[in-house]
Structures are given as structure tokens and as C-alpha cells.
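Trainee: First, the structure itself, so that you have it in front of you.
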Amino acid sequence: MSTLEALAERLDVAQLSRTAIPSLGDGLGIGDAYAVQSAVLARRTARGERLTGVKLGFTSKAKMAQMGVSEVILGRLTDAMRSDDGADVVLSRFIHPRIEPEIAFRLSRDIESDDPTDIESCVDAVAPALEIIDSRYRDFRFTHVDVVADNTSAAGYVIGAWHPVQDLTNRAVRLLSGRTELVGSTAAILGAPVRALHALRGVCRDHRIPLRAGQIVLAGAVTAAVPFTRGVTTCDVAGLGMVTVRGV
Ligand code: 0L1
Ligand code: MG
């Protein structure tokens with residue numbers, strides 16, 4: 001087994017056994033980190049999971065500054081991570097889950113990694129969304145390459161009703177989770193969610209990641225993530241409506 005496959009196994013076992021692990025340590029480059037992420041995905045698809053889309057992280061200027069990076073990061077979503085709007089989600093599936101409000105885009109056609117087509121023309125619907133993140137690292141302590149290898153903490157997602165494509169710049173977003181209420185604007189996503197699509201193309205080009213018709217793209221968090229605990233969490237996006245999930 002290669003070193004990268006061994007790291008993928010470590011992360012996969014952490015997720016399956018719900019046991020956090022320490023940082024992978026120095027010596028990995030960003031290309032290696034995406035290779036580990038792909039190997040983790042391969043383990044999941046070998047167990048029967050199906051790739052359903054991608055997610056972006058570090059799309060807020062504040063989070064980029066905090067991590068000292070200027071590049072968004074990409075993770076992969078599978079059908080095993082998806083829950084229906086309003087569904088119960090069993091918290092014991094996770095290590096230390098957090099939840100955050102997002103915008104989802106749906107792709108209308110395949111986009112190869114070197115395809116020059118404007119990605120905006122390949123989106124056929126938008127929706128409010130919630131993402132559950134669950135770092136496989138202890139206390140969510142990780143480096144930039146650690147978090148890419150760990151599939152950018154991807155663990156779950158919920159999509160609300162799909163709407164026709166529209167300008168989503170500066171829409172008010174409210175996250176309500178138990179007694180915690182956070183309010184933000186879609187401007188937190190690189191100034192406008194559509195910029196996340198362009199950033200996504202750059203990451204896909206650099207790391208040779210193709211996109212497929214019907215896949216969803218989570219554009220990045222609008223507010224800070226909050227602990228995902230028992231009870232209802234709701235994300236409300238002005239003009240798009242609500243999406244809800246219940247931790248049980
Ligand atoms: O979806 C995200 O923005 C999370 C990216 C990974 C960082 C984290 O786990 O907080
Ligand atoms: Mg997110």
C-alpha cells in the first residue's frame with residue numbers, strides 16, 4: 001500500500017469508527033492532499049456510495065485570512081451524505097458535527113476539467129442548503145493540506161426546493177439552530193455566490209476533477225458553523241425559502 005493510500009485508510013477508518021485522529025503531519029503537498037481525498041472517495045464508492053457533487057470551503061475572506069490561504073478548497077459529496085429536507089439525521093453517525101448555511105447550484109451538463117465553457121451557463125437551478133461538517137481531526141485542528149485530504153470535513157448535506165437560476169448577490173441568510181441564531185449575507189461567499197463557481201473551475205482545472213450533469217455544488221458557508229445537536233436547524237435564504245434538518 002502506498003503512503004497516500006495508507007493516509008486515506010487512516011481518514012476512512014476515522015470516519016467509519018467515529019474516532020478523531022491527529023493531523024497527518026508535515027511533508028504532504030496540496031497535490032498529494034487531493035490524491036488522498038480521491039483515494040478516500042474511491043474507498044467510499046467501492047462500498048456502493050455514488051458521487052453526487054462537490055463542495056467548496058474557505059470561500060469566505062475571513063476564513064481564508066484565518067488559515068493564511070488564498071485558494072478555495074474542494075471536497076466531494078456522495079449520496080450517503082445526503083438527507084431530505086426536513087429529515088431526521090442520527091447524530092451518532094458523526095464525531096463532532098457542525099452545521100452551516102449554504103447555497104446550492106445544480107449542473108445541467110458535464111464539464112471536463114479543461115473545458116473552457118463558462119460554468120455559469122452550465123447551472124440550471126439554485127437552492128438553499130445546509131452542510132454538516134465533521135472533521136476527522138481532533139478538535140477540528142488541521143492544516144490546509146490536512147483538511148483537503150479529509151475531503152474538506154464533508155459529512156452531510158440537505159438541499160431545499162430548487163428554483164430557477166437568479167442573481168444571488170447579497171441575499172440575507174438566517175441560520176436557526178436551537179437557541180442559536182446567526183444572520184449573514186450571501187456576499188460572504190467571495191463577494192457573491194457566483195464567484196464560487198468560477199473558483200471551482202480553477203480548482204477543477206488544477207487538480208483534474210471533472211464535473212457531471214445533475215451534480216450539485218455547495219458554494220461555501222454564509223455564516224460560521226455551529227454545533228449540530230439534537231433538535232431542528234433551519235437555513236432561510238431571502239427569495240429562496242427554507243431548508244430544515246433535525247438532529248436526533
Ligand atoms: O465547508 C466548509 O467550509 C468547511 C471547510 C473545512 C474547514 C472546516 O472543517 O471548518
Ligand atoms: Mg461548507
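Where a number appears in this text, it was derived from the coordinates with a stated rule and is not lab data. Note that this is a predicted model, so its numbers are computed, not measured. Note: ideal-geometry Cβ built from the backbone for every residue, glycine included; neighbour counts use all protein chains shown.
Trainee: Explain nothing, just compute: Karplus ³J(HN,Hα) = 6.51 cos²θ - 1.76 cosθ + 1.60, θ = phi - 60°, for every residue of the range 2-7 in order, whole Hz, x for Gly and Pro.
Mentor: Values per residue, Gly and Pro as x: 6, 4, 5, 5, 5, 5 Hz.
Trainee: Let me ask you something else. Could you give the dipole magnitude of the range 124-197 about its Cα centre, charging the beta-carbon of Lys and Arg +1 and that of Asp and Glu -1, in debye to the nearest 20?
Mentor: 180 debye
Trainee: Working only with C-alpha atoms, what are the Rg and Dmax values of the chain, expressed in angstrom?
Mentor: In order Rg, Dmax, the Cα atoms of the chain give 16.7, 50 Å.
Trainee: Each residue of the range 199-216 in turn: what ³J(HN,Hα) in whole Hz from Karplus with 6.51, -1.76, 1.60 and θ = phi - 60°, glycine and Pro shown as x?
Mentor: 5, 4, 4, x, 5, 4, 5, 4, 10, 6, 10, x, 10, 10, 3, x, 5, 9
Trainee: Under 8 Å for C-alpha pairs, at least 6 residues apart: give me the relative contact order for the chain, rounded to a whole percent.
Mentor: With pairs under 8 Å counted, the relative contact order is 28 percent.
Trainee: Using a 10 Å cut-off on Cβ atoms, rank the peptides 20-29, 187-196, 117-126 from the highest mean neighbour count down.
Mentor: 187-196, 117-126, 20-29
Trainee: Report the net charge of residues surrounding ALA225, where surrounding means a beta-carbon distance below 11 angstrom and charges are Lys +1, Arg +1, Asp -1, Glu -1.
Mentor: -2
Trainee: Given H placed 1.01 Å from N in the peptide plane, which residues other than close sequence neighbours of GLY53 have an amide H under 5 Å from its amide H?
Mentor: Amide H neighbours of GLY53, under 5 Å, 5+ apart: LEU77, ILE216.
Trainee: Between ALA187 and ASP88, what length comes free when the chain is fully extended (0.36 nm per residue of separation minus the Cα-Cα distance, one decimal in nm)?
Mentor: Here the segment from ALA187 to ASP88 would lengthen by 32.7 nm.
Trainee: Suppose the chain between SER2 and THR229 were pulled fully straight at 0.36 nm per residue; how much longer would it get relative to their current alpha carbon spacing?
Mentor: On the way: separation 227, 0.36 × 227 = 81.72 nm, distance 3.76 nm.
Full extension of this stretch gives 78.0 nm more.
Trainee: Next question. Rg(Cα) of the range 1-148 divided by 2.2 N^0.38 Å?
Mentor: Its radius of gyration relative to the 2.2 N^0.38 Å reference: 1.09.
Trainee: Explain nothing, just compute: Karplus ³J(HN,Hα) = 6.51 cos²θ - 1.76 cosθ + 1.60, θ = phi - 60°, for every residue of the range 69-79 in order, whole Hz, x for Gly and Pro.
Mentor: Values, residue by residue: 10, 10, 10, 6, 10, 10, x, 10, 10, 10, 5 Hz.
Trainee: Dipole magnitude of the chain about its Cα centre, charges +1 at Lys/Arg Cβ and -1 at Asp/Glu Cβ only, in debye to the nearest 20?
Mentor: Around 560 debye, computed over the chain.
Trainee: Could you give the length gained by full extension between ARG208 and PHE140, i.e. 0.36 nm per residue of separation minus their alpha carbon distance, to one decimal place?
Mentor: Extra length available between ARG208 and PHE140 comes to 21.7 nm.
Trainee: With point charges of +1 on the Cβ of Lys and Arg and -1 on the Cβ of Asp and Glu, referenced to the Cα centre of the range 1-154, which listed residue (GLY68, ALA39, ILE21) lies farthest in the positive direction of the dipole?
Mentor: Farthest towards the positive pole: ILE21.
Trainee: So what's the net charge close to LEU175: Lys and Arg +1, Asp and Glu -1, counting the other residues with Cβ under 14 Å from its Cβ?
Mentor: -1
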